[in-house]
Number of protein chains: 2
Amino acid sequence: MLTNNADLSLYDAVPHLTTALQGPLKYLETHLLAQLPEIEHWFRQQWQYTTAPFYASVDLRNAGFKLAPVDTNLFPAGFNNLNPAFLPLCVQATQSAIERFNITAFRVLLVPENHTRNFYYLESVATLGDILQKAGYEVRIGSLLPELLVPQTLLLPSGKTLLLEPLIREGYCVSVKDFVPCLIILNNDLSSGRPAILENIHQEIVPPLQLGWSTRLKSTHFAYYSQVAQEFSKKIAIDPWLIDPLFRNCGQIDFMKKTGEQCLADNVQILLDAIQQKYIEYHVPYRPFVIVKADAGSYGMGVMTVHSPADIFTLNRKQRTKMSATKEGQKIRQVILQEGVYTFETIGPKEAVAEPVVYMIDHFVVGGFYRVHKARGINENLNAPGMHFEPLAFVDSCITPDQNKAPDACPNRFYAYGVIARLALLAAARELAQLNE
Amino acid sequence: MLTNNADLSLYDAVPHLTTALQGPLKYLETHLLAQLPEIEHWFRQQWQYTTAPFYASVDLRNAGFKLAPVDTNLFPAGFNNLNPAFLPLCVQATQSAIERFNITAFRVLLVPENHTRNFYYLESVATLGDILQKAGYEVRIGSLLPELLVPQTLLLPSGKTLLLEPLIREGYCVSVKDFVPCLIILNNDLSSGRPAILENIHQEIVPPLQLGWSTRLKSTHFAYYSQVAQEFSKKIAIDPWLIDPLFRNCGQIDFMKKTGEQCLADNVQILLDAIQQKYIEYHVPYRPFVIVKADAGSYGMGVMTVHSPADIFTLNRKQRTKMSATKEGQKIRQVILQEGVYTFETIGPKEAVAEPVVYMIDHFVVGGFYRVHKARGINENLNAPGMHFEPLAFVDSCITPDQNKAPDACPNRFYAYGVIARLALLAAARELAQLNE
C-alpha cells in the first residue's frame, strides 16, 4: 500500500523536545487526540458562526509543559517553506475558500509587500501565485511600489520568475494592464498605512484593509484569543493556561524619550508574578520571562525578552533604537507584554532552537514548518531571518492524527499544533467579524 | 525547498503511452491546460447548480487519440490503492463534503458490502473509515450481513483490524450497539436490492438508496455524460467524441435463452459503423470494437468485448453463463453497448496494460491509481482483480498541473484525468438531482 513513501530519513529531522518536563504537554496531546471528534465538531460549529479569514500563519511555542500561539499573521509569507508534498492541500483549500465567498471569481490580483530584493519573501509570493493558479484562477501580481511605472520581471533563486505590474486605478476599480480582477488578495500587512489606491473600490479585497497593521493590534487579537481559549478549555476540560499566554498591555510608551517606562516596568512585575504562580502550580523549575513587543508590529521587529522590571530601565541605546521602530520605520507607541513561552524544541547536534509555524487557508490547516535558529536562545523570538535562520518543513500534514501511535508521535504532535493554531485563527475570525459589525 | 521529495524512482513507474498516435490526446491535454481557468470556473458554476455525490471513482481509458470514462462508481472501493501521501487531501475533502450537507454530523456509520473474505475490499473499508475518523468523526461500521449477530473483528493483511457490527433498527432509526449515527455513509452498491432495514429512516443516507445498482442504469449515466460532454466541449471548443464513448442500449436480453440477440447484433453493427467513421476522420488505424456490459452491473462482471455482430451469435456456453449474471448472482436482463476505447498505456518490460481510476470526494479530485493487468489485452475490461491485477498509485495529485512542463508530463496528464473524471462526476450529480425532483 505504501507506494509513495516520503523520505523516511527526514523523520530524524523533526525537532526533539529537550525538556524533561513533558508531562503536561503529553497530557494535553493525549487529551486533544482522545477528544478529536468533539474538537472537530466544536470547530465546525465555530466556523458556522464566524467566517475564517482567507489565510493565516500562526507562530507557536512549545515548552513541553505548555503549547501556545505567540503571533497570528493575517498576511502570511513563507509559503515557500511548506512541504511541497502538501501543495495539493493548499490548492484544494484555496478552492474551498474562494468558492465560499466569491463563487464567480475568475481573475485574481495578488498585492504583495513592497520588497524587490527580499528573495525569501518573493519566493513565497511566487508559491502563493502558483497555488492560486493551480486552484483554477488567472493570477497577476499588482504592486504598490510607487516607483514601479512599468512591469518588472524578477528572477528568483529557485529559477521561478515573478512579474510585478503597476496598479491602475480607474473609478471604483483597480486593475493591472488588460486585466480587471474579480478579487484582490492582499499579502501586504499595510504597516505603513492603508494605500489610497485600494480605498473605496468595488472589487472585493481579502483580507480587508482594516486587518492591516495600520489599525490592527496584537492586544485585541490576544484578548479574543483568551476568550476562545477559555471556551475551548471548558469544552475539553483543561486549564486554559496550558494553551494561552498571559498578557498585559500598557499605555503610551516612547523608548527613546523614556516616557511610560514606569508603567511598563510595573506591568512586567505583575505579569512575572502571575507566571511564577502558574510555574509553582505546575512545578516548572524555570525562570519566568516576558516578551515585550510592538502592539502593531510585524516581521519580528520591535521584540525583546525581559526577565525583570529592572531590564526596562537599563536598556542601552542600541536596544532603545530597536524598540522604537518596526517595519518600514513605523514608530512604536504601544507595546504588548506577553508571557514568554520557552521553546524546548531543538534540532541537530548543536541543539538549534526551533519553533513551529502553522499555515491555514480558509479554516483548513494546510501545513507548517519549523523556524530553526542557530544563534538564538530558548527564550528569544526566532522570527529573525538571516544566515542563522533555516526553515524546516513539517514532514506530516497536521490533519492525519493517528490514534494507534503515541500521543507525541509526529502526526499527533502536528495535529495538536493544528488545533492550537486554529484557536488563534478563530480569534482572528472574531476580530474580523467585529470589523463587519 | 524540496524537503520531502517523493521517491523519484517512482516516476519511472508511470505507465507510458505506447501508441504512436498521441497527436489528438496531446492536443486535448494542451487544450485543457491552456484553458484551465475557464474549465475550473465552469466546474465551480456547475457545482453551484448541481450538488456533487458524496464520493465516486471513475474508470478512464486513454487511447492516445481519445480519453474517456467507461464506468462511474458511486460506492467506490479501492481507497487503499491511493497514494498514502495524499491521504490529507481525502481528509480535507471529506471535511468539506460533510460540512456542506450535514454540518451537525458527529457520529458516522459506514455500511459496507457484505464481504468478509475479500481483503482487497476490506482494506478499502478500513482506509475509508480512517479518512472519516481523521476528518473528525466518530466512525463505526454497520454490516448488512444477515448472519452477523454479534460484532466480528477482522484482521487485515495490512495489520489493521476492522470491527463489523450488526445493524439495529428501532422505529425510524438505525444504529449499532450504543451508537446512534447522525449520518449513514453507504459503501454498498445494493446490487441485490434495497435493504429493508435502511428504508424509511430519519437519518440521512449518502449516497441515497436510489443510486444503488438495484435501480441505477449505466445507460442513464452515459446519457447524462453525453450531455455534459457536449456542453463542456462547446465551452472549450473541441470535438466531444475525444472525451465521450459512443453508446447504444438495447431492449431485453437473455443470453441463456438466446432471446434479444438479433437486436443486440444490429446495434453492435450500428455502433461499429459509427466508431469506424470517427476512426477514418482521425486517421486511427485500429479496428473498432464494442464493449457489451450489464446495464446495472458492477465489479467488472458481465462485461465482454465484441468485434463484429457475428460474435454475439457464436458465444459458447461459458461466455453465455458469464453474461447472464453479475454480482451476487443478479440476473442480467439489459445491456449497454459502449464504444470500446483502447488502452494504450502500458507498464514494465512485459507491457502490462494499465487504465487509470480517479477518485473524488465531494467535487474534489483526491487521487487515483492505475489498474495494471498482466494478463489482459488493450481492448479488454481490466476491472478483474486476481493474481494478475496490480494497483499502482498516481505519483502526483490531479490538482497540481504545471504550465511549465510538457502537456503530457505527469502532473498535467493527471490533471487531464481529473477533468474528464469530474465530467463523469457531474453526470452522476445530474442523475442524483433528477432523483430529487
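The values are calculated or read from the model by the stated rules, or taken from the named source; none is laboratory data. Just so you know, these numbers come straight off a predicted model, no measurement behind them. Glycine also receives a Cβ, built like all others from the backbone with ideal geometry; neighbour counts cover every protein chain displayed. What goes into the accessible areas is simple: the full protein's heavy atoms, side chains included, and nothing from ligands, DNA or RNA. Shrake-Rupley method; radii C 1.70, N 1.55, O 1.52, S 1.80 Å.
For (1) in a loop (DSSP other than H, G, I, E, B); (2) farther than 30 Å from A:Ala126 by Cβ; (3) open to solvent by less than 30 Å² (accessible area, probe 1.4 Å); (4) without any contact (Cβ under 8 Å) to a residue 24 or more places away in the chain, each residue gets a yes or a no:
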{"residue": "B:Leu382", "(1), (2), (3), (4)": "yes, yes, yes, no"}
{"residue": "B:Val395", "(1), (2), (3), (4)": "yes, no, yes, no"}
{"residue": "B:Pro401", "(1), (2), (3), (4)": "yes, no, yes, no"}
{"residue": "B:Ala406", "(1), (2), (3), (4)": "yes, no, no, yes"}
{"residue": "B:Gly418", "(1), (2), (3), (4)": "no, no, yes, no"}
{"residue": "B:Ala428", "(1), (2), (3), (4)": "no, yes, yes, no"}
Residues of segment B:161-194 satisfying the condition of being assigned to a loop (DSSP other than H, G, I, E, B), more than 23 Å from the chain's Cα centre (by Cα) and in contact (Cβ under 8 Å) with a residue 24 or more places away in the chain: B:Leu167, B:Tyr172, B:Lys177, B:Val180, B:Pro181, B:Cys182
Unique residue being farther than 30 Å from A:Phe43 by Cα and in contact with a strand residue (DSSP E or B) (Cβ under 9 Å, 6 or more places away or on another chain) when the list is B:Leu144, B:Leu128: B:Leu144
Filtered residues of segment A:97-113 (kept if over 21 Å from the mean Cα position of the chain (by Cα) and among the small types (Gly, Ala, Ser)): A:Ala105
Test result for A:Gly377, on the phi > 0 side of the Ramachandran plot and modelled with pLDDT under 85: no
A:Ile205 under 21 Å from A:Tyr55 (Cα atoms) and not in a helix (DSSP H, G or I): yes
Lone qualifier among B:Glu29, B:Glu38 - being over 30 Å from A:Glu40 (Cα atoms) and out of contact with any helix residue (DSSP H, G or I) (no Cβ under 6 Å at 6 or more places or on another chain): B:Glu38
B:Ile312 being over 20 Å from the mean Cα position of the chain (by Cα) and crowded, with 22+ Cβ neighbours inside 10 Å: yes
Some residue of segment B:38-61 being polar (S, T, N, Q), within 14 Å of chain A (Cβ to nearest Cβ) and open to solvent by less than 10 Å² (accessible area, probe 1.4 Å): no
Any hit, segment A:368-386, residues being within 28 Å of A:Val206 (Cα to Cα), of a type in the set (A, V, I, L, M, F, W, C), within 14 Å of chain B (Cβ to nearest Cβ) and under 20 Å from the mean Cα position of the chain (by Cα): yes
Answer residue from segment A:251-276, given it is within 28 Å of the chain's Cα centre (by Cα) and open to solvent by 70 Å² or more (accessible area, probe 1.4 Å) and is farthest from A:Val335 (Cα to Cα) among those: A:Gln276
Residue ranges of strands (runs of 3 or more DSSP E) in segment A:65-159 with at least 3 members within 14 Å of another protein chain (Cβ to nearest Cβ), in contact with a helix residue (DSSP H, G or I) (Cβ under 9 Å, 6 or more places away or on another chain) and modelled with pLDDT of 95 or more: A:138-143
Residue in segment B:192-200 that is under 30 Å from B:Thr343 (Cβ atoms), modelled with pLDDT under 95 and open to solvent by 10 Å² or more (accessible area, probe 1.4 Å) present: no
Breaking point among (1) facing chain B (nearest Cβ under 7 Å); (2) modelled with pLDDT under 90, for A:Val14: (1)
From the options B:Thr321, B:Thr343, residue that is of a type in the set (Ser, Thr, Tyr), surrounded by fewer than 18 Cβ atoms within 10 Å (Cβ to Cβ) and at pLDDT 80 or above: B:Thr321
Subset of segment B:324-336 [surrounded by 21 or more Cβ atoms within 10 Å (Cβ to Cβ) and either within 17 Å of B:Gly251 (Cβ to Cβ) or of a type in the set (A, V, I, L, M, F, W, C) (or both)]: B:Ile332, B:Val335, B:Ile336
Options A:Thr321, A:Thr400: the member that is within 23 Å of A:Leu32 (Cα to Cα) and among the polar types (S, T, N, Q): A:Thr400
Some residue of segment A:48-55 being under 14 Å from A:Ala416 (Cβ atoms) and β-branched (Val, Ile, Thr): no
Criterion (open to solvent by less than 20 Å² (accessible area, probe 1.4 Å) and touching a residue at least 24 places away in the same chain (Cβ under 8 Å)) met by exactly one of A:Ala68, A:Ala77: A:Ala68
